[in-house]
Amino acid sequence: MSVCIRVAASSPPTQAGSFVHSTRDAALEILNDFVLGVDKSGKITFIEEGKNVDRLAQEQGFNTADVENLGPGEFFMPGMVDTHIHASQYTYMGTALDLPLLQWLNTYTFPVESRYRDLKFARDVYTKVVKRTLRNGTTTACYFATIHTDASLLLGQIADDLGQRALVGKVCMDINPMVPQYKELLDESKDETLRFIRELLQKKYPRVKPVVTPRFAVSCSSSLLDALGEIARSSGLHIQSHISENKEEVELVKQLFPDCLSYTDVYLKHGLLTDKTVMAHGCHLTDEELKIFHKNGASISHCPSSNISLMSGILNVRNVQKHKVKLGLGTDVAGGYSASILDAVRRAIDTSKVLTIEHPQLRPLTFEEVFWLATLGGSEALSLDDRIGNFEVGKDFDALRVNVSVPGGPLDVFPEDVLKVIVEKFLNLGKTPWLSFISLFLQYG
Ligand code: GUN
Ligand code: ZN
């Protein structure tokens, strides 16, 4: 069985059943037999115990017969947030994982990304990646596209058409000695970034916004970083980039920016470390750098699959938490070989256990904590937690309807399994719907 509900703007639905989400106080809150209301604009108007449904029906003016009840084995959870994914690398996802970062970029990534001048190619790949991530339960994605403005605009349009919330970045880079055909001139990068932002904002997509995207310090001149910092400041937009992913890269940045105290200082000095910045990886950040992240309200996208596949390093999540730096999960396709945040959930737990083997004093991450990272943590990392991340009243109803009782599904549920156990099984064993599992994206409006 596979269900897809389209919630019409004219008929705000009320859902009843089990809801699972994170709150500021609890990594995993389980609400059994609750009822949730959504208004015409898709916002949650109430979430209360099911026994109050008659009173709620009177107060809120709905008919109890119209309440949609979840079936056995079903629960709602917040849509998952992929805080870092390269839509343009989707063609070779699952391959080309045999080289470390800088060699990998030159050998596989730049030649592929240079093809996105071709809009037909871009449309095909971007349609596939948005469909795939939606099917995997990613209702919000923070995308890197390529240096090509029109193809990047197309990615925004496709995300909007298919109903995904997205931050879309036209990549900026004016240095690329190894693959010189894939780079921009300084002025071109600035002008095209401004055009990208202007044209994307003009579309007034309700859930798709531009994000200022210097690729990383290695491929941007100081002048370009300055210009992008200024564009981000004057527009108030989000910023995304990469930081301290791999030791060779960190050394290179030291050489390229000798006047900066650290990799973090490079972005800070160029106005690119704000409370709307998300930096991917951060495996080799020092405590001093993490303090700067915290002070500036910048966040980290933890990409454990990519960190292992490209042999980059292992992020010490406990240390990030100690420094109170905002953190979400990223697939980092195609450095990561899966476009599923459920995969990132599993890799995050596994890599934290590897750190525990090496440093027994470090507690491994729990499934509840990683559920939080995949949902509320991701929304905080993207500074979207006023709109999504959990089922708080006033937020958008951005949810997955999960059914663990699908015949032939990837997991078995036993009579003694309480919902917390079922959620743990789902996080560890759940599969995408085309493999007989339901992960439902709700559209509204
Ligand atoms: N650093 C700069 N560009 C990239 C990229 O495309 N992928 C990853 N993983 N790291 C990067
Ligand atoms: Zn990346």
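The values are calculated or read from the model by the stated rules, or taken from the named source; none is laboratory data. As the structure is a prediction and not an experimental result, all values here were calculated from the model. Backbone-built Cβ (ideal geometry, glycine too); neighbour counts: all protein chains shown.
Mind checking whether some residue in segment 328-342 is touching a Lys or Arg at 6+ places or on another chain (Cβ under 7 Å) and either over 23 Å from residue 98 (Cα atoms) or in contact (Cβ under 8 Å) with a residue 24 or more places away in the chain (or both)? Yes.
Is it the case that segment 73-85 has a residue that's over 22 Å from the mean Cα position of the chain (by Cα), among the small types (Gly, Ala, Ser) and either more than 16 Å from ligand 1 (Cβ to nearest atom) or in a loop (DSSP other than H, G, I, E, B) (or both)? Among the residues of segment 73-85, at least one is over 22 Å from the mean Cα position of the chain (by Cα), among the small types (Gly, Ala, Ser) and either more than 16 Å from ligand 1 (Cβ to nearest atom) or in a loop (DSSP other than H, G, I, E, B) (or both), which makes the answer yes. The residue that is modelled with the lowest pLDDT, counting only those in segment 160-176 that are surrounded by 22 or more Cβ atoms within 10 Å (Cβ to Cβ) and not in a strand (DSSP E or B), is 164. Looking at 146, 133, 139 in this structure, which one is of a type outside the set (A, V, I, L, M, F, W, C), in a loop (DSSP other than H, G, I, E, B) and either surrounded by 24 or more Cβ atoms within 10 Å (Cβ to Cβ) or in contact with a Leu (Cβ under 6 Å, 6 or more places away or on another chain) (or both)? Going through 146, 133, 139 in turn, just one is of a type outside the set (A, V, I, L, M, F, W, C), in a loop (DSSP other than H, G, I, E, B) and either surrounded by 24 or more Cβ atoms within 10 Å (Cβ to Cβ) or in contact with a Leu (Cβ under 6 Å, 6 or more places away or on another chain) (or both): 146. Among the residues of segment 124-146, is any over 18 Å from residue 330 (Cβ atoms) and small (Gly, Ala, Ser)? Scanning segment 124-146, I find no residue that is over 18 Å from residue 330 (Cβ atoms) and small (Gly, Ala, Ser), so the answer is no. When 60, 103, 157 are screened for being surrounded by fewer than 16 Cβ atoms within 10 Å (Cβ to Cβ) and either away from ligand 2 (no atom under 16 Å from the Cβ) or among the small types (Gly, Ala, Ser) (or both), only 60 passes. The test for being on the phi < 0 side of the Ramachandran plot and touching a Leu at 6+ places or on another chain (Cβ under 7 Å) does not hold for residue 185.
There is no residue in segment 70-93 that is more than 16 Å from ligand 2 (Cβ to nearest atom), out of contact with any Cys (no Cβ under 9 Å at 6 or more places or on another chain) and within 25 Å of residue 247 (Cβ to Cβ). Just the residues that are part of a helix (DSSP H, G or I) and either among the aliphatic types (A, V, I, L, M) or within 16 Å of ligand 1 (Cβ to nearest atom) (or both), please, taken from segment 306-341. Answer for segment 306-341, where residues must be part of a helix (DSSP H, G or I) and either among the aliphatic types (A, V, I, L, M) or within 16 Å of ligand 1 (Cβ to nearest atom) (or both): 306, 307, 308, 309, 317, 320, 341.
Return the pair list, or none, for Cβ contacts closer than 7 Å from residues in segment 97-120 that are within 18 Å of residue 144 (Cβ to Cβ) and in a helix (DSSP H, G or I) to residues that are away from ligand 2 (no atom under 16 Å from the Cβ) and among the β-branched types (Val, Ile, Thr), at least 6 apart or on different chains. If the second residue must be away from ligand 2 (no atom under 16 Å from the Cβ) and among the β-branched types (Val, Ile, Thr), the pairs left are 106/179; 110/179; 111/179. Within the group 50, 42, 71, 61, which residue is under 24 Å from residue 414 (Cα atoms) and out of contact with any helix residue (DSSP H, G or I) (no Cβ under 9 Å at 6 or more places or on another chain)? On inspection, the qualifying residue turns out to be 71. In segment 410-426, the residues that are under 13 Å from residue 74 (Cα atoms) never reach a residue that is loosely packed, with under 15 Cβ neighbours inside 10 Å and basic (Lys, Arg) with C-beta atoms less than 6 angstrom apart, at least six apart or across chains.
Only one of the listed residues (382, 327, 376) is at pLDDT 95 or above and over 20 Å from residue 399 (Cα atoms). That residue is 327. Examine segment 222-240 for a residue that is within 15 Å of ligand 2 (Cβ to nearest atom) and over 23 Å from residue 155 (Cβ atoms), and state whether such a residue exists. Taking every residue of segment 222-240 in turn, none turns out to be within 15 Å of ligand 2 (Cβ to nearest atom) and over 23 Å from residue 155 (Cβ atoms).
Only a single item in (1) modelled with pLDDT of 95 or more; (2) assigned to a helix (DSSP H, G or I) is not met by residue 434, and it is number (1).
Considering segment 282-305, and only residues there that are within 14 Å of ligand 1 (Cβ to nearest atom) and in contact (Cβ under 8 Å) with a residue 40 or more places away in the chain, the residue that is nearest to the chain's Cα centre (by Cα) turns out to be 301. Just checking, does segment 249-262 include any residue being within 16 Å of ligand 2 (Cβ to nearest atom), charged (D, E, K, R), touching a residue at least 60 places away in the same chain (Cβ under 8 Å) and farther than 21 Å from residue 379 by Cβ? Among the residues of segment 249-262, at least one is within 16 Å of ligand 2 (Cβ to nearest atom), charged (D, E, K, R), touching a residue at least 60 places away in the same chain (Cβ under 8 Å) and farther than 21 Å from residue 379 by Cβ, which makes the answer yes. When segment 131-152 is filtered for residues that are in contact with a strand residue (DSSP E or B) (Cβ under 8 Å, 6 or more places away or on another chain), of a type outside the set (S, T, N, Q) and at pLDDT 95 or above, the ones remaining, listed by number, are 141, 142, 143, 144, 145, 147. Quick check: anything in segment 172-182 of a type in the set (D, E, K, R), in contact (Cβ under 8 Å) with a residue 12 or more places away in the chain and out of contact with any Cys (no Cβ under 7 Å at 6 or more places or on another chain)? No: zero hits. The listed residues are 43, 51, and the only one of them that is of a type in the set (Lys, Arg) and over 26 Å from the mean Cα position of the chain (by Cα) turns out to be 51. With respect to the conditions (1) β-branched (Val, Ile, Thr); (2) within 25 Å of residue 105 (Cα to Cα); (3) outside any loop (DSSP other than H, G, I, E, B), residue 349 falls short on a single one, namely (2). Tell me yes or no: at least one residue of segment 399-411 is at pLDDT 90 or above and within 17 Å of the chain's Cα centre (by Cα). There is at least one residue in segment 399-411 that is at pLDDT 90 or above and within 17 Å of the chain's Cα centre (by Cα).
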